[in-house]
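Data first, discussion second: the structure below is written as structure tokens.
None of the figures in this text is laboratory data; all of them are computed from the coordinates on show. All of these numbers come straight from a predicted model, not from anything done at the bench. Here Cβ is always computed from backbone atoms with ideal geometry, including for glycine, and neighbour counts include all displayed protein chains.
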Amino acid sequence: MPADAFVQRLNEQIAYEFAASQQYVAIAVHYDGETLPQLAAFFYAQAVEERNHAMMMVQYLLDAGSHPTIPAVAAPETAFDDVVAPVALGLDQERRVSDQIGALAATARDAGDYASEQFMQWFIKEQIEEVASMSALLTVVDRSKADPMAVEEYLVREKGAEAADPTAPAAAGGAL
Ligand SMILES: [Fe+2]
Ligand SMILES: [Fe+2]
């Protein structure tokens, strides 16, 4: 059985991951409304990833026999001043999640719950990638404020099909 302190914190993290997913849907819809389809596609895809993170945590608690609670979700920001603001918000969100993931690993370790600590390792690696990619996008968007089409072209050029990650934890119901 995972440590109680870890289970409680992981349940809170499920809410943060779903909230991150909703925030990215809101950002994608904002860009879609501005006819910036590549930026929209980037954030629609991020939204699915965050949803999958939540469902991986749900599956972990199910496997461990610790009943996961599906939470209410905080409302996302839906109004943005310019083309840069949503990406800056996304980077803040990813940095905050990295801290939360680190705290979850620490909670597991402090409780001597090494299985849960190991479960968090994939998320630690994932957060390094997510912060790096959002940070790169912020650099590009910031540089191209006056010409958002340059960002659209950058995203077309850089878009590689993300390879399936066989080390990813299983998601409840299957990853989307
Ligand atoms: Fe996430
Ligand atoms: Fe993320």
With the charge dipole of the chain built from beta-carbon charges (+1 for Lys and Arg, -1 for Asp and Glu) about the Cα centre, the Cα from Leu39, Val7, Ala88 projecting farthest to the positive end belongs to Val7
Candidates per GluC sites (Glu not before Pro) in the stretch 32-88, loop by DSSP, up to 16 other Cβ within 10 Å | Glu34, Glu77
Give the angle, between 0 and 90 degrees and rounded to the nearest 10, that separates the Cα long axis of helix 148-158 from the longest principal axis of the Cα atoms of the chain.
-> 50
Using 1/(1 + (r/R0)^6) with R0 = 30 angstrom and r between the beta carbons of Val140 and Thr167, what's the FRET efficiency to the nearest 0.05?
-> 0.55
Where labels lie 7 Å past Cα in the beta-carbon direction, separation of Ala106 and Ile128 in nm = 1.9
